[in-house]
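Novice: Below is the structure I would like to discuss, written out as structure tokens.
The values are calculated or read from the model by the stated rules, or taken from the named source; none is laboratory data. As the structure is a prediction and not an experimental result, all values here were calculated from the model. Note: ideal-geometry Cβ built from the backbone for every residue, glycine included; neighbour counts use all protein chains shown.
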């Protein structure tokens, strides 16, 4: 079983209203070595298990890309809710990102 020892942050924006919510979650340290869709799945699994849903949402992923040097995943898709699909924009990054060598003092 993977050790969930690293903090990550996700910002989920509802594409129809522009409303956004920031989520902090923990996952294994090597999460950002995985493909973008696996990183999105880690967040969605957290959201489904850690929220007060009547029925945990599933989701449809339209696109996901990882910017490895910037340590960010950007994704679009839809939450599949009882009331219908809710389009979203999502950004995920480690809570603490390493400072590139060129930016250090």
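Novice: All but one of (1) buried (at least 17 other Cβ atoms within 10 Å of the Cβ); (2) touching a helix residue (DSSP H, G or I) at 6+ places or on another chain (Cβ under 7 Å); (3) over 12 Å from residue 9 (Cα atoms) hold for residue 65, so report the exception by its number.
Specialist: Residue 65 satisfies every listed condition except (1).
Novice: In region 68-88, how many residues are assigned to a strand (DSSP E or B) and surrounded by 12 or more Cβ atoms within 10 Å (Cβ to Cβ)?
Specialist: Residues meeting the conditions: 14.
Novice: While we're on this one: Is at least one residue of region 48-60 under 13 Å from residue 93 (Cα atoms) and not in a loop (DSSP other than H, G, I, E, B)? Working first, answer last.
Specialist: Let us first name the residues in region 48-60 that are under 13 Å from residue 93 (Cα atoms), namely none.
Checked region 48-60: no residue is under 13 Å from residue 93 (Cα atoms) and not in a loop (DSSP other than H, G, I, E, B).
Novice: Of everything in region 1-30 that's in contact (Cβ under 8 Å) with a residue 24 or more places away in the chain and in a loop (DSSP other than H, G, I, E, B), which residue is nearest to residue 49 (Cα to Cα)?
Specialist: Once the filter is applied, the top-ranked residue is 4.
Novice: Can you pull out every residue in region 15-59 that is modelled with pLDDT under 90, touching a helix residue (DSSP H, G or I) at 6+ places or on another chain (Cβ under 8 Å) and surrounded by 15 or more Cβ atoms within 10 Å (Cβ to Cβ)?
Specialist: Across region 15-59, the qualifying residue is only 57.
Novice: Out of the residues in region 3-14 that are at pLDDT below 90 and touching a strand residue (DSSP E or B) at 6+ places or on another chain (Cβ under 8 Å), which is surrounded by the fewest Cβ atoms within 10 Å (Cβ to Cβ)?
Specialist: The qualifying residue surrounded by the fewest Cβ atoms within 10 Å (Cβ to Cβ) is 5.
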